[in-house]
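What follows is a single structure, written as structure tokens, with notes after it.
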Amino acid sequence: MTEQHFSAHARTRTGRSHQGVGHVDEHHDERFIVVGNHLAQHSELSLTAIGLAVHIHSLRSGTLVGIKALAAKFPEGETRIASALRELETHGYLARTKERLPSGRIVTRTISYNKPRTHTAPRPPKPHPEPTRTPTPPPAVPTSPPPPESHALPARDVLAGLRTHDPRLHLSEQDVRRLAPAVATWLERGVAPDDVQRTLAAGMPKEGVRHPAAFLAHRLTALLPPPLPAARPGPPRPAPLQNCDDCDRAFRAPTPGRCRGCSVAHQALAAAA
């Protein structure tokens, strides 16, 4: 039998246990990207979203990454791909913004982040508008209200920073995740993050606390402020811009879904079936 020879030797990562996965690592000299464990081992993203983020990050700038373009490459279908894109937007790995060009056409700008951006991260620079014979300033496009998930990161920061007010309020990562929804309720009711920290850390018992997480859970419930009074109704605002789940075209609607043309076509297909 002919003996095989290889130009490079594989390196095997070993561990103490013989159970579970093993690794054979080979060095890449070209055509590779670097993926952080914060994405590869993300506990709140689906496998479809993780794989889609890796694929988009490996593409060259300017490559089309609309729903239809991605569905033509992969077998997941437009519905799963649209859902995965929304996951990546929610967790800060992707940003899709609508822009109106001087010609009146609305385009979608997509930015991929190799690290999840925070709410304080700078926005990417806008590209130069297309040239036109009679340039006119683009009309302002109303932005949609922030989703409830917008308070998730500030809530975690509030809890993680409590130990700077009092070392006895040191919390584990698991405690921060468990208490974050209660803090997000305070933020949704108009309480500033600094005020939440001062309220939770004020008047600590002299003998200290044995279980900081349980102590804070009680205070978050017992001291919860009432909601702010409803503001007087103003003039109605137009519905926010959405991306059609089928054709990726921009349209105005209160919630994501299909545009009018795709909805009519979908109903016609359903009736014919």
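The values are calculated or read from the model by the stated rules, or taken from the named source; none is laboratory data. Only a predicted model underlies this, so the values are computations on that prediction, with no experimental measurement involved. No Cβ is skipped: glycine too gets one built from the backbone with ideal geometry, and neighbour counts run over all protein chains shown. Only protein heavy atoms, including side chains, enter the accessible area calculation; ligands, DNA and RNA are left aside. Shrake-Rupley method; radii C 1.70, N 1.55, O 1.52, S 1.80 Å.
Checking each residue in the range 251-265 for being at pLDDT 85 or above, within 15 Å of Lys98 (Cα to Cα) and open to solvent by less than 80 Å² (accessible area, probe 1.4 Å) picks out Ala253, Pro256. State which residue is most open to solvent (accessible area, probe 1.4 Å) when the search covers only the range 36-56 and only residues that are without any contact (Cβ under 8 Å) to a residue 24 or more places away in the chain and either under 12 Å from Lys115 (Cα atoms) or among the aromatic types (Phe, Trp, Tyr) (or both). Only one residue fits best here, namely Asn37. Out of Leu85, Leu59, one residue alone is within 30 Å of Ala239 (Cβ to Cβ), surrounded by 11 or more Cβ atoms within 10 Å (Cβ to Cβ), under 21 Å from the mean Cα position of the chain (by Cα) and modelled with pLDDT of 85 or more. It is Leu85. Against the definition (within 30 Å of Arg258 (Cα to Cα) and among the charged types (D, E, K, R)), how does Arg232 come out, yes or no? Against the criterion (within 30 Å of Arg258 (Cα to Cα) and among the charged types (D, E, K, R)), Arg232 does not qualify. Filtering the range 80-97 to residues that are out of contact with any Lys or Arg (no Cβ under 8 Å at 6 or more places or on another chain) and farther than 13 Å from Ser46 by Cβ leaves only Leu94. With respect to His211, determine if the residue is open to solvent by 70 Å² or more (accessible area, probe 1.4 Å) and at pLDDT below 85. So His211 fails the test.
Restricting attention to the range 225-257, report how many residues are assigned to a loop (DSSP other than H, G, I, E, B), over 17 Å from Ile106 (Cα atoms) and free of Cβ contacts under 8 Å to residues at least 40 places away in the same chain. Residues in the range 225-257 being assigned to a loop (DSSP other than H, G, I, E, B), over 17 Å from Ile106 (Cα atoms) and free of Cβ contacts under 8 Å to residues at least 40 places away in the same chain: 14 in total. Screening Gly51 against (1) under 14 Å from the mean Cα position of the chain (by Cα); (2) assigned to a helix (DSSP H, G or I) leaves a single unmet condition, (1). For the range 166-207, the set of residues classified as of a type in the set (Val, Ile, Thr), assigned to a helix (DSSP H, G or I) and open to solvent by 20 Å² or more (accessible area, probe 1.4 Å) consists of Thr185, Thr199, listed by residue number. For Pro154, indicate whether it is at pLDDT 80 or above, under 30 Å from Leu223 (Cα atoms), open to solvent by less than 50 Å² (accessible area, probe 1.4 Å) and within 20 Å of the chain's Cα centre (by Cα). Against the criterion (at pLDDT 80 or above, under 30 Å from Leu223 (Cα atoms), open to solvent by less than 50 Å² (accessible area, probe 1.4 Å) and within 20 Å of the chain's Cα centre (by Cα)), Pro154 qualifies.
What residue, among those in the range 68-77 that are open to solvent by less than 50 Å² (accessible area, probe 1.4 Å) and outside any loop (DSSP other than H, G, I, E, B), is farthest from Leu47 (Cα to Cα)? That would be Ala69. I'd like to check something: does the range 95-109 contain any residue that is surrounded by 12 or more Cβ atoms within 10 Å (Cβ to Cβ) and touching a helix residue (DSSP H, G or I) at 6+ places or on another chain (Cβ under 8 Å)? Looking through the range 95-109, at least one residue is surrounded by 12 or more Cβ atoms within 10 Å (Cβ to Cβ) and touching a helix residue (DSSP H, G or I) at 6+ places or on another chain (Cβ under 8 Å).
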